[in-house]
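Encoded as structure tokens, the structure appears first; notes follow it.
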Amino acid sequence: MRRTLVILLALALAALSGCAVQDLNPFSSRPLNPGEVVYSQFSDIPVPRDMTTDQRRSFISYSQDGVKNGLETLEGSFDMTTLTRAMINNMMRDGWALRGTSSGAGRHVQLYERDNRYAILYFYNQTVSVAMEVWVMNRLAEGAYQPPAAPAGSAPGYAPSSSSAPGASSSDGGLQERSLP
């Protein structure tokens, strides 16, 4: 009887110390692996399988050629350093070129380029998880955006000036001066 009790006690201690089969421990979970990827909202951005999309903080639009652009916000229980390193490996494996990176104050940004697309990954800590914002956009063609030309004689970035006296109005659509009563 005493021998049976000692054997049962030893088995119980072994189970409590973690020597038992993982499936019997309700508090264990499979380890997170940021290298296991899926393609979520954007078909060309690999994201860790263990991250979930927050639809409230995401918006997706379509460009003229039908390609998705916009923002997808994901959350997961990763260490930020592990996640940022894994995303560099995942993105480069899929043909994205890392063009810039910056970090500080618990935040990290990565800029990628592939063909005519840019991807900006922004990582930040939350209370119990890490968030990753994935911004994707098409590159504009050279000369696609032309800022409005400033009128002759005005400084760039400023509204047209009027040489009229105070109290007079300007008819060119710029700022107007007038006297206060």
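Please determine, by comparing only the residues of segment 97-110 that are free of Cβ contacts under 8 Å to residues at least 24 places away in the same chain and under 20 Å from SER43 (Cα atoms), which one is surrounded by the most Cβ atoms within 10 Å (Cβ to Cβ).
In the first step, residues of segment 97-110 are kept if they are free of Cβ contacts under 8 Å to residues at least 24 places away in the same chain; the result is 97-105, 107, 109.
Now restrict to residues that are under 20 Å from SER43 (Cα atoms): 97-98.
On the way: ALA97: 10, LEU98: 14.
Filtering segment 97-110 for residues that are free of Cβ contacts under 8 Å to residues at least 24 places away in the same chain and under 20 Å from SER43 (Cα atoms), the one surrounded by the most Cβ atoms within 10 Å (Cβ to Cβ) comes out as LEU98.
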Of LEU121, LEU140, which residue is without any contact (Cβ under 8 Å) to a residue 60 or more places away in the chain and in a strand (DSSP E or B)? LEU121
For segment 81-118, how many residues are assigned to a helix (DSSP H, G or I) and of a type outside the set (Lys, Arg)? 11
Looking at (1) assigned to a strand (DSSP E or B); (2) farther than 15 Å from ASP44 by Cβ; (3) touching a residue at least 12 places away in the same chain (Cβ under 8 Å); (4) not polar (S, T, N, Q), which is the one condition that is false for TRP135? (2)
Every residue in segment 42-87 that is surrounded by fewer than 16 Cβ atoms within 10 Å (Cβ to Cβ) and closer than 17 Å to ARG107 by Cβ, please. ARG57, ASP79, THR81, THR82, ARG85
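Computed from the coordinates by the stated procedures, all read-outs in this text should not be read as laboratory data. Just so we're clear, the structure is a prediction, and the values are computed from it rather than from any experiment. Neighbour counts are summed over all protein chains in view; Cβ atoms, including those assigned to glycine, are modelled from backbone coordinates with ideal geometry.
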